[in-house]
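Take a look at the structure set out below.
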Amino acid sequence: MLKVDAINVFYGSVQVLRDVTFDLNPGEILCLLGRNGAGKTTILKSVIGQMKPRTGRISLEDIDLTALPPHEVPKQGIGYVPQGRRLFAELSVEENLQMGLLARRRGGDVRARVLDLFPVLRERLGQRAGTLSGGEQQMLATARALCLEPRILLLDEPTEGLMPIMIAKILEIVGTLREMGVATILVEQRVESALHVADRIAFIENGRVAEVMTPDRLRDDPRLLHQYVGVGVKG
Amino acid sequence: MEGTVTAFVLALTALGLSLVFGVMRIVNVAHGEFFMLGAVLAWGFTALIPELPFWGFMLALLAAPVCVAAIAVIADALVLRRLNYEPEATIVATIGLLYILQQSVLTLYGPNAQPVVAPISFRVVLPWFGYSGYKLVVIGAAALLLIGVWYAITRTKFGLVMRATQFDRETAQAFGVPVKLVYAAVFALGAALAAIAGVLVVPLQQAHYLMGLDPLLLSFIVVIIGGLDSLKGTVVAAFIIGLSDGIISMFFSPTLAKIIATLAVALVLVWRPQGLFGARAR
Ligand SMILES: Nc1ncnc2c1ncn2[C@@H]1O[C@H](COP(=O)(O)OP(=O)(O)OP(=O)(O)O)[C@@H](O)[C@H]1O
Ligand SMILES: [Mg+2]
């Protein structure tokens, strides 16, 4: 469905992504693992249109996303949950959701269905987003992205800095979304999360896709983890 | 009374400057020229139909801000966008814009101040003093506009998009906001507000190609005192500055009024750099 084809991305004159290629199937959860600075966030920014590849192409079915102006990309049905959440902190919870609704393709009661997934938010609609707890902020960032009824959800380290119970909750929602047919690219530092929910895992190393594999393969050969992420598997 | 008129007109002008700074993060040094253009165009439009001063003025009130907004859109597309809205570069560029607008008006309109007749003239006589009814009209119109802008910013979809863009333009774009379009619209809106203020003021003040300087300085003072991105702060500070400027000018001297205003800016910068109502630096 989504094809990332040999993209090369630069910050100024510094090349950050080199010939990055992968694809994403409908309803699939693809996890990007890699060390700090490997280029995971840059991959997501390229998909959402914030970064334009110098060469290469990103396409969604037959739409060439790289040719669209950045603000048209989310309208193709791509929801983005940025690293560090990037909520509109001065705006209310409701207004953050409204921003998500802006780019949706169809009308209907999306907002109500999203709030059913995150009942806590319903009690806080008037509250300033910046005053929510870390876990609630992550839920709001996810809810905001879901408001545009994405076919593809980009999640950048959604469990960063959360308590275990919140991590479980977020991962559970990722699973629920898969059942609803939403494909997800999940950037994770926590290997356990990746093993738990991913259909496929892509290791990112120095701006390249080093290897793509299934979680089972990784469980069988934990040395790979040490090689790409520099950690061992716990549990 | 004089001070109240000044305060309302200043609030409109400063609001334009503050919106542009708040959303686009650029300091528009040419803002006063949009005010001047409003006044000069008001003279031009009323001169088109001198036999109907009321309708001429109404025409000016609608058409002048539209023309000025169009000029702003062109300036945005030709200059600001190409500079990628870099804060320093745009200061220099808007200084250039200031001179271009000023000199064009000097060339086309001449160095003389031109009067515009007030659309209505009646005197309101209160027990202890009387004054021109037009000033009441200015106050009413400015107040309506301020309320209108406040409503648009806090209650409409465009206002929401504007505030989101102000807060985080990258993320806003990732949710489908056409940031360039929003910038052009905000720049046009800021210019239109200054132009309307210019139109409203011209029957009291005469149109002149150098008249943009004072509103620019006062708007800066207001925006600094009120806080750089606070709507409420801008309006409150406009009242403090407008009223005190009027009162001190009347009883002492206009120079003293400016000195005090400048002192107030210095004090605010020292004690509350974020302005009286501004949010703390993020
Ligand atoms: N705005 C920027 N300007 C210049 N270089 C940048 C910028 N953002 C990121 N980089 C560089 O690009 C490389 C990849 O960064 P990226 O944020 O994609 O990594 P990441 O894998 O998401 O890391 P992390 O796990 O820390 O989030 C890094 O070397 C980083 O220093
Ligand atoms: Mg990252």
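For the reader, a short list of remarks on this structure follows.
- The stretch B:149-178, subset of a type in the set (D, E, K, R) and at the interface with another protein chain (Cβ under 7 Å from one of its Cβ atoms), residue nearest to the chain's Cα centre (by Cα): B:Arg163
- Restricting B:Ala172, B:Ala164, B:Ala143 to those that are in a helix (DSSP H, G or I) and either among the acidic types (Asp, Glu) or surrounded by fewer than 15 Cβ atoms within 10 Å (Cβ to Cβ) (or both) reduces the list to B:Ala143.
- The requirement of being touching a residue at least 40 places away in the same chain (Cβ under 8 Å), more than 14 Å from every other protein chain (Cβ to nearest Cβ), touching a helix residue (DSSP H, G or I) at 6+ places or on another chain (Cβ under 7 Å) and crowded, with 18+ Cβ neighbours inside 10 Å is not satisfied by B:Ala184.
- A:Ile201 vs. criteria crowded, with 17+ Cβ neighbours inside 10 Å and within 16 Å of ligand 2 (Cβ to nearest atom): no
- Of the residues A:Leu186, A:Leu162, A:Leu154, the single one that is within 14 Å of chain B (Cβ to nearest Cβ), within 16 Å of ligand 1 (Cβ to nearest atom) and either surrounded by fewer than 21 Cβ atoms within 10 Å (Cβ to Cβ) or part of a strand (DSSP E or B) (or both) is A:Leu154.
- Residue list for the stretch A:18-52, filter: charged (D, E, K, R), away from ligand 1 (no atom under 14 Å from the Cβ) and over 14 Å from A:Gly207 (Cβ atoms): A:Asp23, A:Glu28
- Per-region count, the stretch A:15-37, residues within 21 Å of B:Phe175 (Cβ to Cβ) and surrounded by fewer than 20 Cβ atoms within 10 Å (Cβ to Cβ): 0
- Checking the stretch B:240-256 against the condition returns a match, with at least one residue being more than 14 Å from chain A (Cβ to nearest Cβ), in contact (Cβ under 8 Å) with a residue 40 or more places away in the chain and of a type in the set (Asp, Glu).
- Some residue of the stretch B:101-116 being at positive phi and outside any helix (DSSP H, G or I): yes
- A:Lys40 vs. criteria surrounded by fewer than 20 Cβ atoms within 10 Å (Cβ to Cβ) and of a type outside the set (A, V, I, L, M, F, W, C): no
- Qualifying residue in the stretch B:249-256 (condition: under 21 Å from B:Ser18 (Cβ atoms) and in contact with a helix residue (DSSP H, G or I) (Cβ under 9 Å, 6 or more places away or on another chain)): no
- A:Glu211 meets the conditions (1) closer than 22 Å to A:Leu87 by Cα; (2) in a strand (DSSP E or B) in every case but one. The failed one is (1).
- Verdict on A:Thr131 being β-branched (Val, Ile, Thr), assigned by TED's automatic domain parsing to the domain that holds A:Ala89 and surrounded by fewer than 19 Cβ atoms within 10 Å (Cβ to Cβ): yes
- Cβ-Cβ contacts under 7 Å between residues 6 or more apart (or on different chains), taken from a first residue in the stretch A:35-48 that is among the small types (Gly, Ala, Ser) to a second residue that is within 6 Å of ligand 1 (Cβ to nearest atom), are listed as A:Gly39/A:Val16.
- Residue match in the stretch A:217-233 (condition: among the aromatic types (Phe, Trp, Tyr), in a strand (DSSP E or B) and in the same structural domain as A:Pro164 (by TED's automatic domain parsing)): no
- Boolean, A:Glu72 is of a type in the set (D, E, K, R) and touching a residue at least 60 places away in the same chain (Cβ under 8 Å): no
- Looking only at the stretch A:132-147, and only at residues there that are touching a Phe, Trp or Tyr at 6+ places or on another chain (Cβ under 7 Å) and within 13 Å of another protein chain (Cβ to nearest Cβ), the one that is farthest from A:Leu101 (Cα to Cα): A:Ala143
The values are calculated or read from the model by the stated rules, or taken from the named source; none is laboratory data. On a predicted model such as this, the values are computed, not experimentally measured, just so you know. Heads up, the Cβs are rebuilt from the backbone with ideal geometry, glycines too, and the neighbour counts pull from every protein chain shown.
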